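Each remark here refers to the structure printed beneath this line.
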Amino acid sequence: MKTRVWVLGALAALAAGTPSFATAAEPNGKAQGPYVVVIGAGTFKDEAIKPRPTAEADAKALHALLTDAKLLGVPAERAKVLIGKDATREAVVRAVENAVAATGPDDLLLIAFFGRGTSAGDKPCFFTADSTVKERAKSAVVSTDLEPALKKVKGQNAVLLMDVQYKGGIDAGKEKIVEPNVGEYATALVGEKDGPNTPPPANRLIIYANPPFQDALEKGDHGLFYTVLADALTGKADKTPYNEGFESDGLVTAKELAAYLEKEVPTAARAVGKTDKEKELRTIVLGGTTAKFWMTRNPDEYERAKKRLDATVALAKDGKLTADLAKEASGLLFRMPKLKWQQELRKAYQKLADGGALDALETARKELIAGLKLPADDGEKFAKQIVPAIEELNARYIRPTPRGEFAAHAIRGLFVAADEPLPADIADALKTPKELTDARITELLSEARLRLGKREDLDGDKAADVTLRGMLNGLNDPHTTYFDREEWVSFAKQLEGRFPGVGIIIRRDAVRDALLVVTPIRGSPAYRAGIRAGDLITEVRLEVDKLGKPLDADAKKVHSTKGMESDEAVKIITGKAGTPVALVIEREGEKEPKVFRIERDYVMVETINGVTRKENTDWSYYLDEEKKIGYIRIDSFNYTQRDPVTGRELGTAPDLKRALATLKKTGLNGLVIDLRNNGGGSLLAVVEMCAEFVGEEEIVSTKDRDPKQNYTFRGQVKGDKSYPITVLINGGSASASEILSACLQDHGRATIVGERSFGKGSVQRVKPYKATEGQMKYTDARYYPPSGRNIDKIASEQDASLKQRDEWGVKPDAGFEVKLTREERIDWNEVFRELAVIPAPGKKMPAIDPATDKQLAKAVEHLKGLIKDKK
């Protein structure tokens, strides 16, 4: 679909350190060209499947659009449409297979489904004309039917459009059907990634017209999604504010399409939907920020671009433009380039094509290229930013790795982030990384940076940030990565559980086009000010900036939340502790908006939760007050820290101690500790918490690369072993959760109930990186519970004996494995979402109920038996 043209000859005489550059041009003769498969199944032989008339109309219309010469012009033999009785299971699978086989690198491959679907077992399926509800596993197109073909997609620019109505529409009799996991389609298309931290391929775009739990909407004779999609593909996505660069370039790119759909589908739904649920319809896009290919033409703008392209071709024929410059012009004029200097050069070529002087182009081009050259000192400075990280990882990372391999990951990461191919000479040098000396590593790092030159996406510390991230991600360790300054602020909030702000959880309310307060955080400034769940924030008013400095006279002081995304709102609302911000609130039942002027302060996130909240919003921890059975759910393990004003200890461990003390005041005969979906946190915090239950016993040991660094943690308090404990775990229980559950299991202190844990048996060091003011997080040890067994799943996959014994994670005790179905897991997640909300005054407080949670019921049943036997 696209060809990248490198201009080398015209730059050959320039000094070393000047970057080469790439531009996108029209498809060349080597490509086979775009191929589309459009399926519209709206009528079915099985009356148990309700017709969806718009499906066939949408499929026909999309096929016509993509074969239109002005838009994409896919030839008839490469544009397959299956509608009505022709849309059979066999025909659909065969069409997808043929499409993949008929496309190659850089070809656009678009597969679109319009119709109905549901689940077949635990897999999503699409109903074809010959499908039946009863035999859908064999008669419908199940995601696994498409996997063999989709896994063969390699270099194609692949787009999967799924406008499938999953909710309702079928009569399944007494059969209970679970909500389909539509992510299976994405997994089939994206395939296995090179590493756990590797982003999805840049040539994949997956679009779900609606989530599986929402109804699709109609607009006239078509589905609402198609009408918006058609507007986007015929040019609207190539216009402000969706187009990339300073102007429309005549092409609708995958990134522009994604941005358009994400904004305009909800807008259209608000206009067409009749209920609040319908008005909340949204489209889910995967790969929208990373996809880099173009899909259709914007006819009017494309014609203007084509005239300029033709003009430069004519200049080349007349000998007024060299072949190299003609190639350069074709790339820059055909598609909007990413970098500012390239965009300026595009403008210069536009002026030339419009009749300007060649001398003016050459002057502008010479100045732009001269401005790209970095001083040699900048390359050396860059190398000095990276080398200390290589040295530290070489000495401390859990897996012994030569410095040259770290350097190779770093340099490749830099060029991937810059979206430029690795120069051949540098690529050759990196083929034998183990042989690289320290001096050669420094030289290659410097040269790599100089080759890319001055560019806005690598300004300041950005080049070092992306290089360090690429180096750490290249290790294929899911727990090892790099955070730049901004990313660290966000991650630190999660790790510490304490951050400056007002303390509210918000989400976008698509129906009312404002920000909805999901809940205030208990004890936060917003909570104390009286902000409630259900409040609608319509404006944010500022007096000072984030650091408390007065705003400039021309600075924006009032921010409407209309059209504002949650992430943007968080950036505006948060700020330094002690600084003010005002929120304009609309509240149900009140005629006039209220203005809440709030002074920001440090907010502590609750990580210890109970059964339900009391009227004063304190937690009640009794599941069975008569039998004195307590329940404590731990969301994460945050650091222990002291409030600088009160001196009070804050964090998960102090909060656990307070919850246990509350229970013991009135009696504690048994305790359920719920660690389900707790992804872990601080090692020191969990060690402190384990001691509350096992006393001065061994809790966990860590083993470093250097045996001298090995350490065994033991409890520092006597602990309380007077009551039995059950611990709930599942596949989302990881790291510190596994330390706690394994420790209690190994000492016979608790019975483990539920499902096998995640299997993260590694310890990460988080260190400030002075050269960039970022942070490195890397694995430097593995941990082992008192029994010495292996917890780490990755280690078990690398060790044959561990793999044979299936030794990883924490397993429930014999007889206490309780698995949830996918539907039960969805219901369970919904309950815990509700529990996170502090309801407005007068609203009912949600509560944990063992009757609707079979894992919890098993844990309570066991405790009751132990309590009875004890008596």
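Going through the range 266-287 one residue at a time, which ones are in a helix (DSSP H, G or I) and surrounded by fewer than 24 Cβ atoms within 10 Å (Cβ to Cβ)?
Just the residues of the range 266-287 that are in a helix (DSSP H, G or I), to begin with: 266-272, 276-279.
Result: P266, T267, A268, R270, A271, V272, D276, K277, E278, K279.
Table: residues versus (1) touching a Gly at 6+ places or on another chain (Cβ under 9 Å); (2) open to solvent by 50 Å² or more (accessible area, probe 1.4 Å).
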position	(1), (2)
E738	yes, no
S741	no, no
Q745	no, no
V753	no, no
K760	yes, no
A800	no, yes
F816	yes, no
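Do we find that A357 is of a type outside the set (F, W, Y), more than 30 Å from L445 (Cβ to Cβ) and free of Cβ contacts under 8 Å to residues at least 40 places away in the same chain in this structure?
Numbers: of a type outside the set (F, W, Y): yes; more than 30 Å from L445 (Cβ to Cβ): yes; free of Cβ contacts under 8 Å to residues at least 40 places away in the same chain: yes.
The answer is yes for A357.
Among what's in the range 86-126 and is of a type in the set (D, E) and under 27 Å from the mean Cα position of the chain (by Cα), pick the residue that is least open to solvent (accessible area, probe 1.4 Å). Walk me through it before giving the result.
Residues of the range 86-126 of a type in the set (D, E): 86, 90, 97, 106-107, 122.
Of the ones still in play, those that are also under 27 Å from the mean Cα position of the chain (by Cα) are 106-107, 122.
Numbers: D106: 57, D107: 2, D122: 100 Å².
Among residues in the range 86-126 that are of a type in the set (D, E) and under 27 Å from the mean Cα position of the chain (by Cα), the one least open to solvent (accessible area, probe 1.4 Å) is D107.
If you take the residues of the range 802-814 that are of a type outside the set (G, A, S) and in contact with a Gly (Cβ under 7 Å, 6 or more places away or on another chain), which of them is most open to solvent (accessible area, probe 1.4 Å)?
As a first pass, look at the range 802-814 and keep what is of a type outside the set (G, A, S): 802-808, 810-813.
Next cut, in contact with a Gly (Cβ under 7 Å, 6 or more places away or on another chain) only: 808, 812.
Values: W808: 39, P812: 23 Å².
Here the residue is W808.
Given the residues A577, A582, A569, which is the only one that is in contact (Cβ under 8 Å) with a residue 24 or more places away in the chain, hydrophobic (A, V, I, L, M, F, W, C), surrounded by 19 or more Cβ atoms within 10 Å (Cβ to Cβ) and out of contact with any helix residue (DSSP H, G or I) (no Cβ under 6 Å at 6 or more places or on another chain)? Can you show your working first?
On the way: A577 fails: surrounded by 19 or more Cβ atoms within 10 Å (Cβ to Cβ); A582 fails: surrounded by 19 or more Cβ atoms within 10 Å (Cβ to Cβ).
Only one candidate qualifies: A569.
Would a scan of the range 626-646 turn up a residue that is part of a loop (DSSP other than H, G, I, E, B), surrounded by 20 or more Cβ atoms within 10 Å (Cβ to Cβ) and in contact with a Phe, Trp or Tyr (Cβ under 8 Å, 6 or more places away or on another chain)? Before you say what the answer is, go through the steps one by one.
Applying the first criterion (part of a loop (DSSP other than H, G, I, E, B)) to the range 626-646 yields 626-628, 635-636, 638-640, 643-646.
With the extra rule that they be surrounded by 20 or more Cβ atoms within 10 Å (Cβ to Cβ), the set shrinks to 635-636, 638.
Subsequent filtering for residues that are in contact with a Phe, Trp or Tyr (Cβ under 8 Å, 6 or more places away or on another chain) retains none.
Within the range 626-646 (the criterion being part of a loop (DSSP other than H, G, I, E, B), surrounded by 20 or more Cβ atoms within 10 Å (Cβ to Cβ) and in contact with a Phe, Trp or Tyr (Cβ under 8 Å, 6 or more places away or on another chain)), the answer is no, since none of the residues qualifies.
Would a scan of the range 776-784 turn up a residue that is among the polar types (S, T, N, Q), modelled with pLDDT of 90 or more, closer than 27 Å to A492 by Cα and not in a helix (DSSP H, G or I)? Outline the logic, then answer.
Our first condition is that a residue be among the polar types (S, T, N, Q); within the range 776-784, this holds for 779.
In the following step, the residues that additionally are modelled with pLDDT of 90 or more were identified as 779.
Checking the rest, the ones that are also closer than 27 Å to A492 by Cα come to 779.
Pick out the ones that are also not in a helix (DSSP H, G or I) and you get 779.
For the range 776-784, residues among the polar types (S, T, N, Q), modelled with pLDDT of 90 or more, closer than 27 Å to A492 by Cα and not in a helix (DSSP H, G or I): present.
Among the residues in the range 476-498, are any part of a helix (DSSP H, G or I), closer than 30 Å to Q342 by Cα, touching a residue at least 12 places away in the same chain (Cβ under 8 Å) and open to solvent by 30 Å² or more (accessible area, probe 1.4 Å)? So that I can check it myself, show each step before the final result.
To start, the set of residues in the range 476-498 that are part of a helix (DSSP H, G or I) comprises 485-496.
From what's left, closer than 30 Å to Q342 by Cα: 485-487.
Retained after the next criterion (residues that are touching a residue at least 12 places away in the same chain (Cβ under 8 Å)): 485, 487.
Among the residues that remain, those that are also open to solvent by 30 Å² or more (accessible area, probe 1.4 Å) are: 485, 487.
There is at least one residue in the range 476-498 that is part of a helix (DSSP H, G or I), closer than 30 Å to Q342 by Cα, touching a residue at least 12 places away in the same chain (Cβ under 8 Å) and open to solvent by 30 Å² or more (accessible area, probe 1.4 Å).
For the range 34-85, how many residues are out of contact with any His (no Cβ under 8 Å at 6 or more places or on another chain), open to solvent by 20 Å² or more (accessible area, probe 1.4 Å) and not in a helix (DSSP H, G or I)?
Count: 17.
Restricting the range 79-100 to residues that are small (G, A, S) and at pLDDT 95 or above, which is nearest to E175 (Cα to Cα)?
Kept after step one, since they are small (G, A, S), are these residues of the range 79-100: 79, 84, 87, 91, 95, 99.
Among the residues that remain, those that are also at pLDDT 95 or above are: 79, 87, 91, 95, 99.
On the way: A79: 38, A87: 26, A91: 28, A95: 32, A99: 36 Å.
My answer is A87.
State whether the residues of the range 706-726 include one that is under 33 Å from the mean Cα position of the chain (by Cα) and either buried (at least 16 other Cβ atoms within 10 Å of the Cβ) or not hydroxyl-bearing (S, T, Y) (or both).
First, pick out the residues of the range 706-726 that are under 33 Å from the mean Cα position of the chain (by Cα): none.
No, the range 706-726 has no match at all.
Which residue pairs have Cβ atoms closer than 8 Å, lie 6 or more positions apart in sequence or on different chains, and pair a first residue in the range 849-866 that is more than 25 Å from E834 (Cβ to Cβ) with a second residue that is among the small types (G, A, S)?
As it stands, the answer is K864/G670; L866/G670, since those pairs meet every condition given.
Of the conditions (1) out of contact with any helix residue (DSSP H, G or I) (no Cβ under 9 Å at 6 or more places or on another chain); (2) of a type in the set (S, T, N, Q); (3) open to solvent by less than 40 Å² (accessible area, probe 1.4 Å), T821 clears all except one; give me its number.
Answer for T821: the failing condition is (3).
Within the range 585-609, work out how many residues are loosely packed, with under 15 Cβ neighbours inside 10 Å, part of a strand (DSSP E or B) and touching a residue at least 12 places away in the same chain (Cβ under 8 Å).
Qualifying residue count for the region: 3.
So P148 passes all but one of these: (1) farther than 25 Å from K292 by Cβ; (2) in contact (Cβ under 8 Å) with a residue 24 or more places away in the chain; (3) part of a loop (DSSP other than H, G, I, E, B). Which condition number does it fail?
Exception for P148: condition (3).
Just the residues that are surrounded by 14 or more Cβ atoms within 10 Å (Cβ to Cβ), among the hydrophobic types (A, V, I, L, M, F, W, C), over 29 Å from the mean Cα position of the chain (by Cα) and within 20 Å of D509 (Cβ to Cβ), please, taken from the range 531-566.
Result: I531, single match.
Please go through the range 601-633 and give me each residue that is under 24 Å from S524 (Cβ atoms), more than 34 Å from the chain's Cα centre (by Cα) and either small (G, A, S) or at pLDDT below 95 (or both), ordered by number. Outline the logic, then answer.
Looking only at the range 601-633, we keep the residues that are under 24 Å from S524 (Cβ atoms), and these are 601-621, 632-633.
So of that shortlist, the ones also more than 34 Å from the chain's Cα centre (by Cα) come out as 614-616, 620-621.
Of everything in the range 601-633, those that are under 24 Å from S524 (Cβ atoms), more than 34 Å from the chain's Cα centre (by Cα) and either small (G, A, S) or at pLDDT below 95 (or both) turn out to be K614, E615, N616, S620.
Taking interchain pairs and intrachain pairs at least six residues apart, which have beta carbon atoms under 7 angstrom, with the first residue in the range 819-830 and under 15 Å from L728 (Cα atoms) and the second in a helix (DSSP H, G or I) and open to solvent by less than 80 Å² (accessible area, probe 1.4 Å)?
L820/W828; L820/Q855
When the range 772-798 is examined, which residues are found to be touching a helix residue (DSSP H, G or I) at 6+ places or on another chain (Cβ under 7 Å), farther than 28 Å from H747 by Cα and open to solvent by less than 40 Å² (accessible area, probe 1.4 Å)?
First pass over the range 772-798, keeping only residues touching a helix residue (DSSP H, G or I) at 6+ places or on another chain (Cβ under 7 Å): 772-776, 778, 780, 782-783, 785-787, 790-791, 795-797.
Among the residues that remain, those that are also farther than 28 Å from H747 by Cα are: 772-776, 778.
Scanning the range 772-798 gives T772, G774, Q775, M776, Y778.
Need the failing condition index for A429 against (1) without any contact (Cβ under 8 Å) to a residue 12 or more places away in the chain; (2) more than 24 Å from K462 (Cα to Cα); (3) hydrophobic (A, V, I, L, M, F, W, C), just the number.
Only one criterion is unmet by A429, namely (1).
Yes or no: the range 288-307 includes at least one residue that is of a type outside the set (S, T, N, Q), open to solvent by 20 Å² or more (accessible area, probe 1.4 Å) and touching a helix residue (DSSP H, G or I) at 6+ places or on another chain (Cβ under 6 Å).
No, the conditions are met nowhere in the range 288-307.
The values are calculated or read from the model by the stated rules, or taken from the named source; none is laboratory data. None of the values given here were measured: they were computed from a predicted structure. Virtual Cβ from ideal backbone geometry, glycine too; neighbours counted across all protein chains shown. Heads up: the accessible areas ignore ligands, DNA and RNA and are worked out on the full protein's heavy atoms, side chains in. Shrake-Rupley method; radii C 1.70, N 1.55, O 1.52, S 1.80 Å.
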